[in-house]
Amino acid sequence: MRVAIVAARFNAEVTDSMVEAAEEAIDDHGHEHAATVRVPGAFDTPVVAQRLMSRADVDGVAVLGAVVTGDTDHDQVLMHATTRTLQQLSLEWGKPIALGITGPGMSGEEARERVDYGAQAVEAVTEVHEALRQVTPEMDMDTV
């Protein structure tokens with residue numbers, strides 16, 4: 001299985017550790033690491049995830065980021081738009097996109113406590129990929 005990572009640079013003190021955890025999980029599962037692409041923020045992840053999904057050498061994408069609460073409800077709006085778009089992309093391409101974005105409604109400290117979301121996203125990509133293989137045995141998921 002070939003897994004790509006899209007990660008936000010915003011809140012890098014959190015997302016850098018998430019990327020490390022995700023890359024380690026890819027290795028632990030014996031998967032091929034197709035790419036790691038950094039983007040400015042969580043809101044910017046869908047367009048890159050879309051491009052990665054179109055590649056034949058990518059079977060799934062782990063999307064990583066940390067959205068923390070500010071003085072407005074910006075974190076809520078951002079997460080709603082981002083997660084909805086990522087879900088649509090997964091449905092359109094028939095490949096797993098795992099949400100490894102922490103938030104909304106959490107502090108920076110709470111986000112730092114959840115850097116394991118990077119590894120959890122790789123685990124989710126793995127599980128959904130396998131589930132798709134089970135329900136579509138006639139398809140070679142490695143070429144989808």
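Within this structure, residue 116 fails the test of being among the acidic types (Asp, Glu) and either modelled with pLDDT under 85 or in contact with a Lys or Arg (Cβ under 8 Å, 6 or more places away or on another chain) (or both).
Within the range 44-62, the set of residues being loosely packed, with under 15 Cβ neighbours inside 10 Å and of a type in the set (Asp, Glu) comprises just one member, 57.
Here is the figure for the range 96-123: residues that are of a type outside the set (A, V, I, L, M, F, W, C), under 21 Å from residue 29 (Cα atoms) and within 12 Å of the chain's Cα centre (by Cα) total 6.
Scanning the range 124-133 for residues that are touching a residue at least 40 places away in the same chain (Cβ under 8 Å) and surrounded by fewer than 18 Cβ atoms within 10 Å (Cβ to Cβ) yields one hit, 128.
Only residues that are farther than 19 Å from residue 21 by Cβ and touching a residue at least 24 places away in the same chain (Cβ under 8 Å) were counted in the range 56-72, giving 5.
Conditions (1) of a type in the set (A, V, I, L, M, F, W, C); (2) within 15 Å of residue 106 (Cβ to Cβ), marked per residue:
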| site | (1), (2) |
| --- | --- |
| 7 | yes, no |
| 12 | yes, no |
| 16 | no, no |
| 34 | yes, no |
| 60 | no, no |
| 76 | no, yes |
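For the range 74-116, residues that are touching a helix residue (DSSP H, G or I) at 6+ places or on another chain (Cβ under 8 Å), buried (at least 16 other Cβ atoms within 10 Å of the Cβ), of a type outside the set (Ser, Thr, Tyr) and assigned to a helix (DSSP H, G or I) total 7. Against the definition (within 23 Å of residue 109 (Cα to Cα) and in a strand (DSSP E or B)), how does residue 21 come out, yes or no? No: the conditions fail for residue 21.
The values are calculated or read from the model by the stated rules, or taken from the named source; none is laboratory data. Given the structure is predicted, the values throughout are model-derived calculations rather than measurements. Cβ atoms come from the backbone with ideal geometry, glycine included; neighbour counts cover every protein chain shown.
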